[in-house]
Amino acid sequence: MWATRGLKAILTTEASSRPQEDRRPLKRFCPECGERLYDRFGEGALRRFCRQCHQPVYENPVPAVCVVVPDPSGRILLVRRGVAPKVGDWCLPGGFMELGETPEAAALRELREEAGLGGRIDRLLGLRSTPSRLYHTILLAAYVVHPEGGPLTAGDDATQARWFPPGELPEIAFDSHQAFILYYLDGHRQTPA
């Protein structure tokens, strides 16, 4: 009996004993039955489990999108942030996906909301996993989008929308956006054959 309790004590822990770098808000109750969750080692990692359902409740990355939008002269569209984090800094148009939305639809919606432009997706430029103070991890998909219609007009959580020549880009708010811009400018402007 002690061996079973000892093993259970090793495999079960409270949230307060999580590593310091992993102190994010945790789900506290099972979405299926409402039972309080606890931490337990399972499936190769420390996870939240339900005492009633005996199932893990996964803590997953939050999906988001951003768009690299070149104009016909090669300038890149950026928007100035009007909300935290990084209020006043420049970044690519983008944001979080909504429930039931495809990544492509989210990319075009964010472009319309933040810059007033329609667009046509050319291709997926890449994916990055980005640390976040609020969400722990964001999975960011970047698309190359060709602008279509509408005057350039900042909206939603952007206070300005502007085209920048590649050699005159301002400081970019997020490392992930900077990486996608550099990747695009470093020879990945054309659609792969």
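Read the figures in this text as sums done on the coordinates, not as results from a lab. Being a predicted model, the structure only gives us computed values, none of them experimental. As a convention, Cβ positions derive from the backbone with ideal geometry for all residues, glycine included, and neighbour counts pool all protein chains shown.
Jot down the per residue volume, in cubic angstrom and as a whole number, of the convex hull over the alpha-carbon atoms of segment 24-75.
Details: hull volume 7.0 nm³, N = 52.
Once divided by residue count, the hull of segment 24-75 is 135 Å³.
Once label points are set 7 Å from the Cα along Cα→Cβ at both CYS53 and GLN178, what is their separation, rounded to one decimal in nm?
Simple spin-label model gives 4.1 nm for this pair.
For segment 94-193, which trypsin sites (Lys or Arg not before Pro) are both in a DSSP coil and crowded by at most 15 other Cβ atoms within 10 Å? Please report the intermediate quantities before stating the final value.
Values: sites: ARG109, ARG112, ARG120, ARG123, ARG128, ARG133, ARG162, ARG189; in loops: ARG133, ARG189.
Within segment 94-193, the qualifying trypsin sites (Lys or Arg not before Pro) (loop, at most 15 other Cβ atoms within 10 Å) are ARG133, ARG189.
For segment 116-169, state the semi-axes of the equivalent ellipsoid (square roots of 5 times the eigenvalues of the alpha-carbon gyration tensor), sorted largest first and rounded to whole angstrom.
On the way: eigenvalues 114, 52, 35 Å².
For segment 116-169, the ellipsoid semi-axes come out as 24, 16, 13 Å.
Mind giving me the nanometre distance, one decimal, between the label points for LYS86 and THR137, set 7 Å out from Cα along Cα→Cβ?
2.1
What does the convex hull of the Cα atoms of segment 62-185 come to per residue, in Å³, rounded to a whole number? Mind showing how you got there, number by number?
On the way: hull volume 11.9 nm³, N = 124.
Spelled out: Cα convex hull of segment 62-185, divided by residues, is 96 Å³.
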